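The values are calculated or read from the model by the stated rules, or taken from the named source; none is laboratory data. Bear in mind the structure is a predicted one, so any value in this text is a computation, not a measurement. So basically every Cβ, Gly included, is an ideal-geometry build from the backbone, and we count neighbours across all protein chains shown.
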Amino acid sequence: MKNLLLCWGGDWDLPSVHTDSLIVLAYAKFSGAKLAVKSIDWTWRTITASVPQLHYEASTVTEPTQILNFLRKQRFNADYELTAKQGADTMAYIALLEEKLRPALLHTFWVDADNYANLTRPWFTSHSPFPLNFFVPGRQASLALSRILLTKAESPLLNITEVEGKIYSEAKECLNLLSHRLGNFHFFFGDTPTSLDAFVFGHIAPLIKAPLPSGQLQKHLNQLDNLCQFCNTILKNYFNASAEKRTDCSPTAIHDPVDANLQKLTQLVNKESNLIEKMDDNLRSSPQHRPNSTPPS
Amino acid sequence: MSLAAEAFVSQIAAAEPWPEKATLYQPLKEDQILLSDSASSLAVQTFLRMCGLPVQVSCCANAEYMSPSGKVPFIHVGNQVVSELGPIVQFIKAKGHSLSDGLDDVQRAEMKAYMELVNNMLLTAELYIQWCDDYTATEISRPRYSSPYSWPLNHILAYQKQWEVRRKMNAIGWSGKNLEQVYEDVSQCCQALSQRLGTQPYFFNKQPTELDALVFGHLFTILTTQLTNDELAEKVKSYTNLLSFCHRIEQTYFKEDKGSRSV
């Protein structure tokens, strides 16, 4: 089965620095899909391809939502345990991420002068072949700027500085809402990750890991412990912790379904043992045993 | 205006009670207003009725240009002008009326997420159908949008608006979609809303919130507006609990207007 995923390369402990690529990579791991990952760094695809791009047998699919739908049809479904309402919630939260968080992420990486000059442009320049390295970052930056202005700027104020305050405050609110929703759980819908987890991971992982010179949003995110923990858990369990250059057919891809099953089993066993412990506590605190028991803490 | 100035102004606004002569401005109802603007306007009107705040609806041809953000509808209360549902909800909250106080943090997060879903999918789909579908744009949108103006201004304004909307669609990646995919997206959005609503009377059980107002505004307008074909309305009609939701809100809050509209 010939399958190939094209995406931007990785850095800063992440498998990819590009949000959409991360979403697809994370979902592939969660659902156990075996994908050969090829990075487009240093190739002409940096300017010609719309990334991420999945080549599966004869067909080509782009855009994270389309790719996830396609993988689901191929029976790599990380959402099969969700109820109908949870599926609806997934759509709603993804819309929230796109509307409220993405503009600020685009601004932080591509429009903010400090970050762009010191981090984003050098990175993309060094990962593009000559002579594309002159064009690729500038093109991405202007796309980002026009997206922000067209969707967020109110028509008499087509000036980026006035929009900045609004998009950052909306993004901080969005992060707070995500943090409230996640609470103390490992993932958004219980103990196994789903497509919503992939989307959230794709958006916040670059923000947590990138060494941004000027990152007010990053500082805000670092205060939300549960989101940082969420991101690190996924990196530790589903991706190797150290950054590796991904080329064709990475060998870890084969082990992943086994690891995922093992993980599910481990979680089930943990749940069982928690239940048994609770039953044990209940028994110990029941009337017959009251003189001997200590109250549960 | 900067965020600090806005906060200061809304503090002042909060001190005044709701006046008798609050007005809501929208484009002309019969000839000019389009599906997306009509939906937004109805959502705001529903929200105000749910809060029990009286408002007069005033139709003006240049409502879009009077609005501080360029979008309709906007309300004129005392000496404040506020446009779009989001800022209006915050403004009314500053005055002490709120529909979502009873929600806890997780529910509020869900409510905001669903409102973004409606804005992201339904509103964008409405704009796409109106302006990016050539047939609808030529037959309905451009003539209606430019009806109050004389030649050559009507052509210029209509094409300018179309160009603006197409640029926006391009930026968010919708220009590659065809009409079938857009209808499919609307259907998925309605399915999500239908599943979230279930058998409850409102989205957050007994009490209506701004989410209910927003969903009602969009769905009711889709159901009652005549487009070049009925496919959009059919997509919504296939979800019976959404139909009965619209009916219920219309009965509860728009009783006196019953003669002029029907689902």
Lone unmet requirement of (1) over 20 Å from A:Asp89 (Cβ atoms); (2) at pLDDT 90 or above; (3) within 12 Å of chain A (Cβ to nearest Cβ) for B:Ile156: (3)
On the given criteria, is B:Val44 outside the structural domain of B:Gln207 (by the TED database), touching a strand residue (DSSP E or B) at 6+ places or on another chain (Cβ under 8 Å), buried (at least 16 other Cβ atoms within 10 Å of the Cβ) and part of a helix (DSSP H, G or I)? yes
Scanning the stretch A:91-150 for residues that are among the charged types (D, E, K, R), at the interface with chain B (Cβ under 10 Å from one of its Cβ atoms) and over 20 Å from A:Val24 (Cα atoms), the one farthest from the chain's Cα centre (by Cα) turns out to be A:Arg147
Candidate set: the stretch A:151-160, residues that are within 13 Å of chain B (Cβ to nearest Cβ) and part of a helix (DSSP H, G or I); chosen: the one modelled with the highest pLDDT: A:Thr151
Quick check on this structure: which one of B:Gln188, B:Gln107, B:Gln181 is assigned to a helix (DSSP H, G or I), within 30 Å of B:Ser244 (Cα to Cα) and at the interface with chain A (Cβ under 9 Å from one of its Cβ atoms)? B:Gln188
For A:Asn176, the lone unmet condition from (1) more than 10 Å from chain B (Cβ to nearest Cβ); (2) part of a helix (DSSP H, G or I); (3) farther than 21 Å from A:Pro64 by Cα is (1)
Which of (1) within 22 Å of the chain's Cα centre (by Cα); (2) over 26 Å from A:Leu149 (Cα atoms); (3) loosely packed, with under 13 Cβ neighbours inside 10 Å is the odd one out, the single condition B:Trp151 does not satisfy? (1)
Out of B:Lys93, B:Lys71, B:Lys112, sole residue that is free of Cβ contacts under 8 Å to residues at least 60 places away in the same chain, within 11 Å of another protein chain (Cβ to nearest Cβ) and either assigned to a helix (DSSP H, G or I) or touching a Pro at 6+ places or on another chain (Cβ under 9 Å) (or both): B:Lys112
Which one is nearest to B:Gln162 (Cα to Cα) among residues in the stretch B:1-46 that are modelled with pLDDT of 85 or more and small (Gly, Ala, Ser)? B:Ser36
When you check B:Pro201 against the structure, is it touching a Lys or Arg at 6+ places or on another chain (Cβ under 9 Å) and in contact (Cβ under 8 Å) with a residue 24 or more places away in the chain, yes or no? yes
